[in-house]
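Peer 1: Quick one: this structure, given as structure tokens, is what I'll be asking you about.
The values are calculated or read from the model by the stated rules, or taken from the named source; none is laboratory data. Quick caveat: nothing in here was measured; it's all calculated off a predicted structure. Positions of Cβ are generated from backbone atoms using ideal geometry, with glycine treated the same way; all protein chains shown enter the neighbour counts. To get the accessible areas, we keep the full protein, side chains included, count just its heavy atoms, and leave off ligands, DNA and RNA. Shrake-Rupley method; radii C 1.70, N 1.55, O 1.52, S 1.80 Å.
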Amino acid sequence: MPRRDIRYLNGHLPQPGRYFWFMHRLARRVWPWFGSLAVEGKQHVPLTGPFLLISNHQSVLDPFFIETFIDRPVHQMAKSTQFASPLFARAMRGCYAYPVRRFQVDPTAVRYTLRRLAEGDPVHIYIEGERTWDGTLQPPRPGTVRIALKAGVPIVPCAIDGSYDVWPRWDRAARAADVRVAFGKPFLLPQLHHRTDRERALPHAADRIMGAIAALLGVPPTRLADD
Amino acid sequence: MKRTERCLECGAAFRRGLKATIITRTTDGREETRPAAAWLEQLGPVRVPEPGPDGRMVGPERVRVRSTVGQKPFYYGRAFLGWIETYTPTRTGTMDVRADGLLFLPDRGPVEHWPIASITGLQPASATVQLGFRDHMTSIRFLEGSVRLWTRVLSAVLHEHWGRQGYHVLELQPHIRTCRVATSAT
């Protein structure tokens, strides 16, 4: 039996070790030297069981700022090109990030997401799909909403504010600034098994998710966009 | 953004200020600080240049290019996490955008023309533009040029290409999705 044939792997992830917990606590320990890191609504984050954490995306440092307040590993979808560097790939998987391929529908990434949720783990997806260029909330990506309609787990909306001031994507370095992370009240979307039902429910589900995130940010919500 | 950059059109110097502000200093010495979003609003949408006599719209810009050649499984322990791409070696050269596609002149090797019709997706990153093709993806890193300008121009060219064939572009990423433009009966 080939050692690395994916059909024969039992699929157990390594337990979080020292590296994970060091990275997990890094933001709370280091960032106060540069600015405040405030959290609101932490009581809304389920302590056990699966949930889909859906947030806006302002900066490359968002995973550190957000997930430091969730006291267990959160599996994060990241674009596959970020795993191109072997060193970076190892660093990211040690924090339970997993790749999603762009320019194609990636059923592997969708299946992995649903599998993690089925096994009781939380998954974090950025609904905007990429970092904002100008600090404003961008339209949601339909693919994320489709996963939410398929998963049937609580959605925890999350807003991060201030990380754009720390490291906007058009600059090469971080600066000191105050960051706020707010978790909203979890809600359930209907679990829809048929594609036509999901497509019909897509706009309303997207509005619900974006409305929750926008309310936490104190800005008007954005809607699914035509490009 | 490098420490201080200069606008090629008006000569104003600009650099990052506190937080995500941008400080500009015009050639007559006036200095102004505003958030990036405020500058974007003032500047308005990116103007898509008209093609020149040689058909060139943007460029030439110095770029670094690499393309995917395949993909491999990615694991953590015994768990299969997904697929990641494998790449060709990076090539440097110059690139420009024309109405019918992109022209890449590598420092070594033959000139390559990438027709607009062969592009299946367009996605900007911070310093790169990623183009999807039928069987591979190409990442273009700009050594000096503006990702936003290139994205806007390529987006406009793609919209025009599909519009000529009677389609409206709904989205460009993860892949180009179109719908037929309704034609009125006369």
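Peer 1: Of all residues in the stretch A:12-28, which are assigned to a helix (DSSP H, G or I) and touching a residue at least 24 places away in the same chain (Cβ under 8 Å)? Steps first, please.
Peer 2: Within the stretch A:12-28, the subset assigned to a helix (DSSP H, G or I) is A:18-28.
Answer for the stretch A:12-28, where residues must be assigned to a helix (DSSP H, G or I) and touching a residue at least 24 places away in the same chain (Cβ under 8 Å): A:Tyr19, A:Phe20, A:Met23, A:His24, A:Arg25, A:Leu26, A:Ala27, A:Arg28.
Peer 1: Among the strands (runs of 3 or more DSSP E) confined wholly to the stretch A:71-150, which include 1 or more residues that are away from chain B (no Cβ under 12 Å) and within 30 Å of B:Leu40 (Cβ to Cβ)?
Peer 2: Values: elements: A:75-79, A:97-100, A:123-126.
Counting at least 1 such residues, we get A:123-126.
Peer 1: Another question, then. Residues of the stretch A:177-203 being in contact with an Asp or Glu (Cβ under 9 Å, 6 or more places away or on another chain) and open to solvent by 60 Å² or more (accessible area, probe 1.4 Å), which ones?
Peer 2: Within the stretch A:177-203, A:Asp178, A:Pro190 qualify.
Peer 1: Looking at this structure, is A:Thr144 under 19 Å from B:Leu172 (Cα atoms) and β-branched (Val, Ile, Thr)?
Peer 2: Working: under 19 Å from B:Leu172 (Cα atoms): yes; β-branched (Val, Ile, Thr): yes.
Yes.
Peer 1: Residues that are buried (at least 18 other Cβ atoms within 10 Å of the Cβ), of a type in the set (A, V, I, L, M, F, W, C) and under 26 Å from A:Ala109 (Cα atoms): does the stretch B:154-168 have at least one?
Peer 2: no
Peer 1: Next question. Residue by residue through the stretch B:21-77, note down the ones that are of a type in the set (D, E, K, R) and over 24 Å from B:Arg6 (Cα atoms). Give the steps one after another, and end with the answer.
Peer 2: Of the stretch B:21-77, the ones of a type in the set (D, E, K, R) are B:25, B:28, B:30-32, B:34, B:41, B:47, B:50, B:54, B:56, B:61-62, B:64, B:66, B:72.
Scanning the stretch B:21-77 gives B:Asp54, B:Arg66, B:Lys72.
Peer 1: Taking the stretch A:19-72, which residues are among the acidic types (Asp, Glu) and more than 19 Å from A:Gly135 (Cα to Cα)?
Peer 2: So in the stretch A:19-72, the residues among the acidic types (Asp, Glu) come out as A:40, A:62, A:67, A:71.
Result: A:Glu40, A:Glu67, A:Asp71.
Peer 1: Next up: Restricting to the stretch A:31-59, name every residue that is part of a helix (DSSP H, G or I) and surrounded by 12 or more Cβ atoms within 10 Å (Cβ to Cβ). Let's see the steps before the verdict.
Peer 2: Our first condition is that a residue be part of a helix (DSSP H, G or I); within the stretch A:31-59, this holds for A:31-33, A:42-44.
Residues satisfying the conditions are A:Trp31, A:Lys42, A:His44.
Peer 1: Between a first residue in the stretch A:145-164 that is on the phi > 0 side of the Ramachandran plot and a second residue that is acidic (Asp, Glu) and surrounded by fewer than 23 Cβ atoms within 10 Å (Cβ to Cβ), which pairs have beta carbons less than 8 Å apart while being 6 or more apart in sequence or on different chains?
Peer 2: So the pair list comes out as A:Gly162/A:Asp178.
Peer 1: Given the options A:Ala215, A:Ala206, name the one that is assigned to a helix (DSSP H, G or I), surrounded by fewer than 16 Cβ atoms within 10 Å (Cβ to Cβ) and within 20 Å of the chain's Cα centre (by Cα). It would help to see each step written out before you state the result.
Peer 2: Details: A:Ala206 fails: surrounded by fewer than 16 Cβ atoms within 10 Å (Cβ to Cβ).
A:Ala215 is the lone residue from the list that is assigned to a helix (DSSP H, G or I), surrounded by fewer than 16 Cβ atoms within 10 Å (Cβ to Cβ) and within 20 Å of the chain's Cα centre (by Cα).
Peer 1: So for the stretch B:88-99 (the condition being buried (at least 18 other Cβ atoms within 10 Å of the Cβ) and among the β-branched types (Val, Ile, Thr)), does at least one residue qualify?
Peer 2: Yes, the stretch B:88-99 contains at least one residue that is buried (at least 18 other Cβ atoms within 10 Å of the Cβ) and among the β-branched types (Val, Ile, Thr).
Peer 1: Follow-up question, since we're still on this one. Tell me, yes or no, whether the stretch B:45-63 has at least one residue that is open to solvent by 50 Å² or more (accessible area, probe 1.4 Å) and of a type in the set (Asp, Glu).
Peer 2: Yes - at least one qualifying residue is present in the stretch B:45-63.
Peer 1: With a cut-off of at least 1 residues that are under 25 Å from B:Leu143 (Cβ atoms) and more than 14 Å from every other protein chain (Cβ to nearest Cβ), name the strands (runs of 3 or more DSSP E) lying wholly within the stretch B:17-120. I'd like the intermediate steps shown before the answer.
Peer 2: Details: elements: B:21-25, B:31-35, B:56-76, B:79-87, B:91-98, B:101-106, B:112-115.
Fully inside the stretch B:17-120 and qualifying: B:21-25, B:56-76, B:91-98, B:101-106, B:112-115.
Peer 1: In this structure, does A:Arg200 turn out to be more than 9 Å from chain B (Cβ to nearest Cβ) and not aliphatic (A, V, I, L, M)? Give the steps one after another, and end with the answer.
Peer 2: Values: more than 9 Å from chain B (Cβ to nearest Cβ): yes; not aliphatic (A, V, I, L, M): yes.
For A:Arg200, the condition - more than 9 Å from chain B (Cβ to nearest Cβ) and not aliphatic (A, V, I, L, M) - is met.
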